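Worksheet: the structure to be examined is printed underneath.
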């Protein structure tokens, strides 16, 4: 399968640079699997199309302010790194912002307050060592939210606002290097309304890693290797999901992260609780074992996220829907509009 099969044309003007003033005012496309676009609503109207027996499943991961600006020693040239995963005492895996490279042995300085050493390089990722001050302390004092490269800001005063905007209202478990953006459309008020309808809401945690930012560089989809991400499903969440599965009630996963966690945790009979890692790569031809519906955002061309959506709803159906979204001036990507894929 060719990576280019997942290309669509998008003008930069449709890439959302800021969120809506009210999250639930974003638009939502209703897409029927292997059929096409049914209608276009405002996201807040999701309360009108959920059923009382539905189970909404959200990712409660919390984004770390893991975007760090440093200077190379001794040249003083500036570079930005994204911290993703703690691998040991004062050691983290990181990614340099696009167009920047580091060499093993490079020393980085942060505000003349701390030092970072580049200890290893693996497939474009770096292992960093923090000998003086912990990475957590550095993030707390100097870190910014890891907005994707396609959000180009010229007003740094937005950094503090993004610490609110780039978190879901149910973010609780710190550890992510990117937001589970499908969840950004929910407000506390909308969640309360959904609960009042009798819809149950379950939470799991998948810490979105920097692999999210890694593009597919292979000509063939099958040759791409996914970066592993950690997830956790509690006993209670597993129980509620399994109860819905056994009673054939609808599951509504919010985002590709929830879909990947559910498909990875299913043992053929039930969702297994516990902590694990997943490097599952879902693209057309994959047989879904748990998921039949999902809420998602609009994703980059040729990305693994778009491939997952195409696997669920049908490649041509999704590409046609994306082209419709372009014509209808939908807002794309992290701060953009959403899609509800239904059976």
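Given a cut-off of under 8 Å on Cα pairs at least six residues apart, what relative contact order in percent is computed for the stretch 67-143?
About 27 percent, as a whole number.
Please compute, over every Cα-Cα pair in the chain, the percentage with a separation greater than 28 angstrom.
43 percent
How would you order 87-95, 7-15 from highest to lowest mean count of nearby Cβ atoms within 10 Å?
87-95, 7-15
For the chain, find the longest principal axis of its Cα atoms and tell me its angle to the long axis of helix 304-313, 0 to 90°, nearest 10.
Helix 304-313 and the main axis of the chain meet at about 10 degrees.
In whole Å, what are the Cα extents of the stretch 1-154 along the three principal axes, biggest one first?
That works out to 58, 36, 33 Å along the principal axes.
Taking each pair of distinct Cα atoms in the stretch 67-143 once, what is the resulting Kirkwood hydrodynamic radius in Å?
Value: 12.1 Å, from the Cα pair sum.
Per-residue ellipticity at 222 nm for the chain, helices alone: DSSP H runs ≥ 4 residues times -39500 (n - 2.57), over residue total, nearest 500 deg cm²/dmol?
-6000 deg cm²/dmol
If we sort 232-244, 168-180 on the protection proxy, mean other Cβ atoms within 10 Å, highest first, what's the order?
Ranking the peptides 232-244, 168-180 by packing returns 168-180, 232-244.
Hey, what's the per residue convex hull volume over the C-alpha atoms of the stretch 98-216, in cubic angstrom?
153 Å³
Taking only Cα atoms, what is the 0 to 90° angle, nearest 10, from helix 315-327's long axis to the longest principal axis of the chain?
80 degrees
When N counts the residues of the stretch 241-343, how does its alpha-carbon radius of gyration compare numerically with 2.2 N^0.38 Å, as a ratio?
Ratio of Rg to 2.2 N^0.38 Å for the stretch 241-343: 1.12.
Would you list 2, 86 from fewest to most Cβ contacts within 10 Å?
Lowest count first: 2, 86.
A short reminder: the numbers here are calculations on the coordinates, not readings from a lab. These numbers come from a predicted model, not from an experiment. Glycine also receives a Cβ, built like all others from the backbone with ideal geometry; neighbour counts cover every protein chain displayed.
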